[in-house]
1. Return a yes/no flag: does the stretch 141-148 have any residue that is surrounded by 15 or more Cβ atoms within 10 Å (Cβ to Cβ), in a helix (DSSP H, G or I) and in contact with a helix residue (DSSP H, G or I) (Cβ under 7 Å, 6 or more places away or on another chain).
2. So which pairs qualify, if the first residue must be in the stretch 135-157 and over 24 Å from F180 (Cα atoms) and among the hydroxyl-bearing types (S, T, Y), the second must be open to solvent by less than 70 Å² (accessible area, probe 1.4 Å) and at pLDDT below 95, the Cβ gap must be under 6 Å, and the two must be at least 6 apart or on different chains?
3. Since D188 meets every condition but one in (1) buried (at least 20 other Cβ atoms within 10 Å of the Cβ); (2) touching a Leu at 6+ places or on another chain (Cβ under 9 Å), which condition does it not meet?
4. I'm trying to understand the selection: among the residues of the stretch 60-97, which are closer than 18 Å to V224 by Cα, out of contact with any Phe, Trp or Tyr (no Cβ under 9 Å at 6 or more places or on another chain) and assigned to a loop (DSSP other than H, G, I, E, B)?
5. Can you tell me how many residues within the stretch 1-42 are in a loop (DSSP other than H, G, I, E, B), touching a His at 6+ places or on another chain (Cβ under 9 Å) and surrounded by fewer than 18 Cβ atoms within 10 Å (Cβ to Cβ)?
6. Which residue, of S75, S48, S66, is of a type in the set (S, T, Y) and over 25 Å from T116 (Cβ atoms)?
7. Out of the residues in the stretch 205-242 meeting the condition of being assigned to a loop (DSSP other than H, G, I, E, B) and in contact (Cβ under 8 Å) with a residue 40 or more places away in the chain, tell me which one is farthest from the chain's Cα centre (by Cα).
Amino acid sequence: MPGTMTPPRFVTAAGHPVRWRLLGELAGGDLAVRELTALLGQPQNLVSYHLGKLRKAELVTARRSSADGRDTYYSLDLARCGDLLSGVGDALHPGLRLTGPAPAAPAAGRVLFLCTANSSRSQMAEALLRNSTGGTVEAFSGGSTPKPIHPQAVSVMAARGIDLTTARPKHLGEFSGQRFDLVITLCDRVKEVCPEFPGHPRPVHWSTADPAADPGDPSAFDHVADALAQRIVFLLHTLAHR
């Protein structure tokens with residue numbers, strides 16, 4: 001009977017006001033507990049408790065900061081949220097089943113990706129965004145300590161039909177004073193030294209492991225490329241909405 005149905009997992013996980021606010025903040029980018037505590041104006045132990053509930057529901061993942069091991073960055077799995085949300089209406093009535101989001105409307109704007117070396121993560125993100133929009137979004141990348149493009153990044157992008165052979169590492173100082181619709185930091189270290197850009201209140205952070213950190217894992221670059229590609233799907237909706 002309908003009265004005895006167990007509420008869908010997304011409803012029980014997200015239904016608490018504090019957890020709903022956490023999801024809303026994390027929908028904009030990855031954040032540390034201290035940042036979430038400040039944004040919500042709630043005690044750290046309460047924020048950590050509700051983050052634990054969201055992690056148990058597999059809506060949120062956690063990653064230890066590579067800049068400060070005392071920090072942990074939390075990420076919202078938007079794809080999983082979409083899957084769970086699509087079933088919420090169906091659980092109540094088959095006529096209420098939600099469909100997945102349509103592809104984003106044509107997006108435009110200027111986006112800057114930053115990491116430390118500008119040798120893999122930010123270069124891959126720049127190339128993926130430019131490729132997915134046919135150049136209607138102006139994508140750029142830079143680093144705080146630029147190094148040569150990693151050959152594995154070139155190979156992984158080539159397998160996706162994207163040419164990185166002409167890409168060059170750039171210092172983030174090259175973009176000083178320029179305006180961007182979004183500045184996205186991909187590495188925890190560069191987040192701490194990211195300069196201010198005109199008209200941009202706060203960089204968005206995507207805490208992404210350095211694929212070159214473990215030379216013994218040849219699949220690391222593929223994993224990062226897949227994760228960035230998924231994030232960019234949702235980024236296009238953000239840009240189209242703006």
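1. no
2. Every condition considered, no pair remains.
3. Answer for D188: the failing condition is (2).
4. S66, D77
5. Qualifying residue count for the region: 2.
6. Step by step, each of S75, S48, S66 is checked, and only S48 is of a type in the set (S, T, Y) and over 25 Å from T116 (Cβ atoms).
7. P218
Conditions tested, residue by residue: (1) closer than 19 Å to G109 by Cβ; (2) open to solvent by less than 70 Å² (accessible area, probe 1.4 Å); (3) in contact with a His (Cβ under 7 Å, 6 or more places away or on another chain).
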| position | (1), (2), (3) |
| --- | --- |
| G135 | yes, yes, no |
| A139 | yes, yes, no |
| Q152 | no, yes, no |
| R179 | yes, no, no |
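The values are calculated or read from the model by the stated rules, or taken from the named source; none is laboratory data. None of the values given here were measured: they were computed from a predicted structure. Cβ atoms come from the backbone with ideal geometry, glycine included; neighbour counts cover every protein chain shown. The accessibility values were calculated without ligands, DNA or RNA, using every heavy atom of the protein model including side chains. Shrake-Rupley method; radii C 1.70, N 1.55, O 1.52, S 1.80 Å.
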